[in-house]
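Each remark here refers to the structure printed beneath this line.
The values are calculated or read from the model by the stated rules, or taken from the named source; none is laboratory data. What you are looking at is a predicted structure, and each value in this text was computed from that prediction instead of being measured. Cβ: placed from backbone, ideal geometry, glycine included. Neighbour counts: every protein chain shown.
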Amino acid sequence: MLYHFHEMAQGAITPFRLAAEASQHVFSNPYNPLAYTHAGRAISAACHVFEHSTRPYGKPAFGLSETRLADGRRVAVHEEVVLRRPFCQLKRFHRDCGRDDPRLLIVAPLSGHFATLLRGTVAAMLPEHDVYITDWRDARLVAMREGHFDLDDYIDYVTDFLRHLGPGTHVMAVCQPSVPVLAAVSLMSDAGDPARPATMTLMGGPIDTRRSPTVPNRLATERSIEWFEHAVITRVPMQYPGFMRRVYPGFLQLTGFMTMNLDRHVGAHLRLYRNLIRGDGDSAAQHRTFYEEYRAVMDLPADYYLQTVEVVFQKHLLPKGEWVSRGRRIDPAAITRTALMTVEGELDDISGLGQTRAAHDLLVNLPASAKSHYEQKGVGHYGVFNGSKWRREIAPRVRDFIRAHG
């Protein structure tokens, strides 16, 4: 019923949102004398903030149509789907340049937002890499006949994608996928799979959440897995292709995202209101761009979500060496040839300091010369893979690491 109540609330607020949108256009119309008064601008700004805050958002576009290569040439970029699975498609950003650059698989998080959240990550790596990304599907759009999806399936997907791309591929996991990527590479290494990656870069991932636990980490341990199943899992309503699929709905995740830093979000919307009154269009545009991406959320398969909470955040099976997937024990010590780089943000309030670096302690048979760690000062979780410090400080180090171990 939770999903149905949400849909009813969306329907109920729609007339008010449309009225606010119409009022905003009226009071900002250059032919309306009130548009040049403070009162008119204030009314227009208030209507805009309300409409923008209550609008539903779908999956954004990557919008990466070109890139500048290291030699200064600008070349076109085309998105191609090279492999499809029920819950994910492997997408390639094909560059019209004819270069044989290192293949890089970016594994995007399946944790609420779409893979487009990594737009800046992809853009920074495009000039010198043949970039692929896991483009996860919204679970409410996946019909029940397509089967289920859990953390073990996630590992299988990563393995399949690496095998499709072939030996010599480099893999980068951003946030949550650090755990299943490390598991996949461990299993491939243990089996002597020739498609195991040349390098593995883990960024802001919860390898061992017992280190520097954050608020989300503590919340995951304060409740039983049964509580999560009853409190946040619901079924998709009939108007979607995934009718009756059990999911952790996107609107609940967004509520959690917003309430965790409520003061920051309220302040951002107040600044938007003031900027609109002042006519600061650039600042308002930056706000809209960020929140249109931030509010675009997707439903997660219930089996995957619950298994992740239990395995990663409650039982810590990976760092304890107790994780078994489909009858196979996951042993990171089997990794002897895949070079490892970990990246953390000093101010990360999602994956605390040391949680990603813990991977180095698990890869006991990997030579020290094949290991690298970097901590970026002054950035939080989002800044590890997006923003100016990612572009100027982190991305060049990841690029050099891939080149050194390719």
Legend entry - Flag for Glu292 being free of Cβ contacts under 8 Å to residues at least 12 places away in the same chain and either exposed (fewer than 14 other Cβ atoms within 10 Å of the Cβ) or charged (D, E, K, R) (or both): no
Legend entry - Condition met for Gly120 (on the phi > 0 side of the Ramachandran plot and outside any strand (DSSP E or B)): no
Legend entry - Test: residue in the range 47-63 that is closer than 17 Å to Arg95 by Cα and either surrounded by 11 or more Cβ atoms within 10 Å (Cβ to Cβ) or not hydroxyl-bearing (Ser, Thr, Tyr) (or both): yes
Inset, instruction - Would you mind stating whether Leu151 is in contact with a strand residue (DSSP E or B) (Cβ under 9 Å, 6 or more places away or on another chain) and in the same structural domain as Arg328 (by TED's automatic domain parsing)? - result: yes
Inset, instruction - Given the conditions (1) closer than 29 Å to Ile225 by Cβ; (2) buried (at least 19 other Cβ atoms within 10 Å of the Cβ), report the number of the one that Gln314 does not fulfil. - result: (2)
Inset, instruction - Name every residue in the range 324-351 that is surrounded by 23 or more Cβ atoms within 10 Å (Cβ to Cβ) and more than 21 Å from Gly168 (Cα to Cα), in order of residue number. - result: Ile330, Val343, Glu344, Gly345, Asp348, Ser351
Inset, instruction - Kindly indicate whether any position in the range 83-96 is in a strand (DSSP E or B), over 24 Å from His405 (Cβ atoms) and among the hydrophobic types (A, V, I, L, M, F, W, C). - result: yes
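For (1) modelled with pLDDT under 90; (2) farther than 21 Å from Gln10 by Cβ; (3) buried (at least 18 other Cβ atoms within 10 Å of the Cβ), each residue gets a yes or a no:
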| site | (1), (2), (3) |
| --- | --- |
| Thr221 | no, yes, no |
| Ile225 | no, yes, no |
| Thr234 | no, no, yes |
| Tyr240 | no, no, yes |
| Met244 | no, no, no |
| Val247 | no, no, yes |
| Leu252 | yes, no, yes |
| Ala268 | yes, yes, no |
Inset, instruction - With the condition kept exactly as written, say whether any residue in the range 37-45 is assigned to a helix (DSSP H, G or I), in contact (Cβ under 8 Å) with a residue 24 or more places away in the chain, buried (at least 16 other Cβ atoms within 10 Å of the Cβ) and among the polar types (S, T, N, Q). - result: yes
Inset, instruction - Tell me, please, whether a residue that is in the same structural domain as Asp135 (by TED's automatic domain parsing), assigned to a helix (DSSP H, G or I) and more than 27 Å from Arg103 (Cα to Cα) can be found in the range 342-360. - result: no
Legend entry - Search result, residues across the range 369-406 that are out of contact with any Asp or Glu (no Cβ under 7 Å at 6 or more places or on another chain) and assigned to a loop (DSSP other than H, G, I, E, B): Phe385, Asn386, Gly387, His405, Gly406
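For Asp208, indicate whether it is over 21 Å from the mean Cα position of the chain (by Cα) and in the same structural domain as Val312 (by TED's automatic domain parsing).
Numbers: over 21 Å from the mean Cα position of the chain (by Cα): no; in the same structural domain as Val312 (by TED's automatic domain parsing): yes.
No; evaluated as a whole, the condition is false for this residue.
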Inset, instruction - May I ask you to list the residues in the range 332-376 that are more than 24 Å from Arg210 (Cβ to Cβ) and not small (Gly, Ala, Ser)? - result: Thr336, Arg337, Thr338, Pro367
Inset, instruction - Could you identify the single residue in Thr121, Thr134 that is among the hydroxyl-bearing types (Ser, Thr, Tyr), more than 18 Å from Met188 (Cβ to Cβ), in contact (Cβ under 8 Å) with a residue 12 or more places away in the chain and crowded, with 23+ Cβ neighbours inside 10 Å? - result: Thr121
